[in-house]
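The values are calculated or read from the model by the stated rules, or taken from the named source; none is laboratory data. Every value quoted in this text rests on a predicted model; they were computed, and no experiment measured them. So basically every Cβ, Gly included, is an ideal-geometry build from the backbone, and we count neighbours across all protein chains shown.
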Amino acid sequence: MPSQSKQKDAESTFKDSEPESQEVIGIRKPVQEKDLFTWKAPTRPFKRRDREFWVTTIAMAGIAGLILFLVEGFMPVILIISIVFLFYILSTVEPEEAEYKVTNKGIKIAGKRTDWENMLRFWFAKRFDSELLIFETLGLGGRMELVISLKDKERLKKILSTYLTEEEVSPSNIDKLASWFSKKLPQ
């Protein structure tokens, strides 16, 4: 008999510590993820380039490649060729469309979420006639760029301001170098 009373005590203790104990102060219920804004857009800004652009780009890459070949050897030339090839592919293959969502927990791109805790600030920019929403992130790339529609800009600004600060980051040395090169190439 004593073993039956111990078993009943154990069962009642177990039942008491189930869902009712989760209502204790200090334990929070997980917040349900809600979509605040959704849109579809290309995965990157895109602009087709003409023949004049490619002739100029290949000439500049050829001169830089020749100089680097004389100074360092063949490896920098391979690097330049691969960068020009990558740029060619990105300029000829149109980007696919993705679904973007702003939720109460973060930003979802094609179903993968980046939490608000991993983002520092946001700002808007324009590249190749595309409006961009840019986030500074704590991840490896340091930035996340999303293509948006101009009509959605104000609504996104209002929603994002509740989670992050709107502040443009000053351009890095690499950004300045890329801007300088883009000004030298024909549009």
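Among the residues of the stretch 80-101, those identified as among the hydrophobic types (A, V, I, L, M, F, W, C) and either part of a strand (DSSP E or B) or within 16 Å of R44 (Cα to Cα) (or both) are L86, F87, I89, L90, V93, A98.
Condition check: surrounded by fewer than 11 Cβ atoms within 10 Å (Cβ to Cβ) and at pLDDT 90 or above. Does E131 satisfy that? For E131, the condition - surrounded by fewer than 11 Cβ atoms within 10 Å (Cβ to Cβ) and at pLDDT 90 or above - is not met.
Hydrophobic (A, V, I, L, M, F, W, C), out of contact with any helix residue (DSSP H, G or I) (no Cβ under 7 Å at 6 or more places or on another chain), buried (at least 16 other Cβ atoms within 10 Å of the Cβ) and not in a loop (DSSP other than H, G, I, E, B) - does that describe any residue in the stretch 105-112?
Yes - at least one qualifying residue is present in the stretch 105-112.
Any idea which of A64, A98, A110 is over 20 Å from the mean Cα position of the chain (by Cα) and touching a residue at least 12 places away in the same chain (Cβ under 8 Å)? So that I can check it myself, show each step before the final result.
Numbers: A98 fails: over 20 Å from the mean Cα position of the chain (by Cα); A110 fails: over 20 Å from the mean Cα position of the chain (by Cα).
After applying the criteria, what remains is A64.
Yes/no per residue for (1) among the hydrophobic types (A, V, I, L, M, F, W, C); (2) exposed (fewer than 12 other Cβ atoms within 10 Å of the Cβ):
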| position | (1), (2) |
| --- | --- |
| K29 | no, yes |
| Q32 | no, yes |
| F37 | yes, no |
| F46 | yes, no |
| V55 | yes, yes |
| A64 | yes, no |
| V71 | yes, yes |
| M75 | yes, yes |
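Residue-wise test of (1) among the aromatic types (F, W, Y); (2) assigned to a loop (DSSP other than H, G, I, E, B); (3) out of contact with any strand residue (DSSP E or B) (no Cβ under 8 Å at 6 or more places or on another chain); (4) at pLDDT below 90.
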residue	(1), (2), (3), (4)
D152	no, no, no, yes
K157	no, no, no, no
V169	no, yes, no, yes
L177	no, no, yes, yes
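Here the condition is being under 30 Å from Q32 (Cβ atoms) and modelled with pLDDT under 90; of G139, G73, it holds for G139 alone. If the condition is being among the hydrophobic types (A, V, I, L, M, F, W, C) and modelled with pLDDT of 90 or more, then the stretch 99-124 contributes V102, I107, I109, W116, M119, L120, F122, W123, F124. Scanning the stretch 134-185 for residues that are over 17 Å from the mean Cα position of the chain (by Cα), surrounded by fewer than 12 Cβ atoms within 10 Å (Cβ to Cβ) and touching a residue at least 24 places away in the same chain (Cβ under 8 Å) gives a single hit, K184. Whether any residue in the stretch 116-123 is surrounded by fewer than 16 Cβ atoms within 10 Å (Cβ to Cβ), farther than 30 Å from T56 by Cα and among the basic types (K, R) is what I want to check. Looking through the stretch 116-123, at least one residue is surrounded by fewer than 16 Cβ atoms within 10 Å (Cβ to Cβ), farther than 30 Å from T56 by Cα and among the basic types (K, R).
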